[in-house]
């Protein structure tokens, strides 16, 4: 969806709030990553075995003049797209990022971290194909994720993740939003372990911040997961040979905000009437 | 590539300069668009017949449990990605945006514009597969494009495009960069007409701003196209039934900056020694 006007102002305000949190509370460094991620990187993270149905793969025509010409002529007429031969498309070498933080771990592959660990904040477009469930702003195939990423010792990462949850509660007060924070069972990173059972035991690996949106067709309350606070144990530390200051494979965790969902929930709860918005935000959203 | 530190500060400074230009010189409205673009939209713009070899198409697994399971098991081992059956991947319904401005035209499909026309600025990731030529920062598959987009009467769009070129010259002085602005023959939008000959006649449809970078292996001077200033005549106005204030199909044009190329050229020319940068930029790049 295209964003403009108050919705775009809200989108920016959410992101700026998260960046400010990253800088002030965690001393996070800004990084900007590509949107494409090599299939090999996702493969090493076990993504294709854990979430094969959600991954968006990128292909292009093979470098073969006859196949390109055949494709070109097949599409000289009106849409839809026609692919006359499947072998005209390469086996995907790149995917669309399903989360921002994979790039961060890969970028420090092989490194030994200092005492303070490594804390980054980054925003990027992320992609999860969700089939028929793609409707409106609450479940976009193509969405914007702001993350604060923590890499370091188990103690450091665990403490930072907890602090991020506390800060998120304060954010909710600033925005005057009806929300809940609760444990979740389907972590983005169940890729980390083959046995889902493990996750059912350690239920504290993922917390979701859920914001209330409009009720369903039959009046039941609805909320959408709009941020998550995750621990991945030392999965990425092992996968990318990142060593924490204690000499052990680094632990990682992240706080991740789904910005369009935040926008959706804020306008659902506060509406388009400036007077109903918290005073601290009103002038930024309705400039 | 991941950007951080002075390179990221430079990336932001370039973008902010272009946004400021859009706002102050052209009264542009900010919009944010998706990264994905429906294949049908690109198809209507003739992209698959004009640039089939550069387009990045997005696919995902079909909704078939057996095919998903087969794919999952085939990728349980280490990379590279294995696609056991090509029919497990859907025919692409979406592509990656090759330029920002397609979204803008589609967003105002069917509209009649006011006297002042429609001027938008937007930044987004764009994708053009360039085969073996993808090397370093100067030819990325996945790059960032800032555009100022003009939609209106022929006179309005033509005048705005010319003003954008003049402003770009002033930008170059601010950045103290060695550059040239010259007509180019291979417009992004040759899609607009079947006969390339037409473009050879009207050589003023595209101007490129080229920034000097390091010489080639055998010492020859090199430069990279880092911005372009384009007219598309009324191709998009006709394609998307956009009517200008004069009752005719709208003309369109755009100024587009390739931000990573700008960063590459700026560091190539000024280096990593702050003292060599123009004073007006120094403190922003090396904070």
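The values are calculated or read from the model by the stated rules, or taken from the named source; none is laboratory data. Remember, predicted model here, so these are calculated numbers, not experimental data. All Cβ positions, glycine included, derive from the backbone under ideal geometry; neighbour counts span all protein chains shown.
Values for this structure:
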item: Some residue of the range B:232-246 being farther than 26 Å from residue B:150 by Cβ and touching a residue at least 60 places away in the same chain (Cβ under 8 Å); result: no
item: Selection from the range B:60-79 of residues that are in a loop (DSSP other than H, G, I, E, B) and closer than 20 Å to residue A:97 by Cβ; result: B:60, B:75, B:79
item: Every residue from the range A:43-62 that is at negative phi and touching a residue at least 40 places away in the same chain (Cβ under 8 Å); result: A:44, A:45, A:47, A:49, A:50, A:51, A:53, A:54, A:55, A:56
item: Sole residue being farther than 21 Å from residue A:125 by Cα and part of a strand (DSSP E or B), chosen from A:228, A:223; result: A:223
item: Yes/no for residue A:149 being under 19 Å from the mean Cα position of the chain (by Cα), assigned to a strand (DSSP E or B) and modelled with pLDDT under 95; result: no
item: The range A:22-32, residues that are surrounded by fewer than 18 Cβ atoms within 10 Å (Cβ to Cβ) and either in contact with a strand residue (DSSP E or B) (Cβ under 9 Å, 6 or more places away or on another chain) or over 30 Å from residue A:274 (Cβ atoms) (or both); result: A:23, A:25, A:27, A:29, A:30
item: In the range B:80-120, the residues that are in a strand (DSSP E or B), within 11 Å of another protein chain (Cβ to nearest Cβ) and under 22 Å from the mean Cα position of the chain (by Cα); result: B:94, B:95, B:96, B:120
item: Residue count, the range B:234-269 (criterion: part of a loop (DSSP other than H, G, I, E, B) and touching a strand residue (DSSP E or B) at 6+ places or on another chain (Cβ under 6 Å)); result: 3
item: Yes/no for residue A:35 being crowded, with 23+ Cβ neighbours inside 10 Å, within 10 Å of another protein chain (Cβ to nearest Cβ) and within 29 Å of residue A:266 (Cβ to Cβ); result: yes
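Results for (1) buried (at least 22 other Cβ atoms within 10 Å of the Cβ); (2) in contact (Cβ under 8 Å) with a residue 24 or more places away in the chain; (3) closer than 30 Å to residue A:11 by Cβ, shown as yes or no for each residue.
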{"site": "B:20", "(1), (2), (3)": "no, no, yes"}
{"site": "B:41", "(1), (2), (3)": "no, yes, yes"}
{"site": "B:64", "(1), (2), (3)": "no, yes, no"}
{"site": "B:74", "(1), (2), (3)": "no, no, no"}
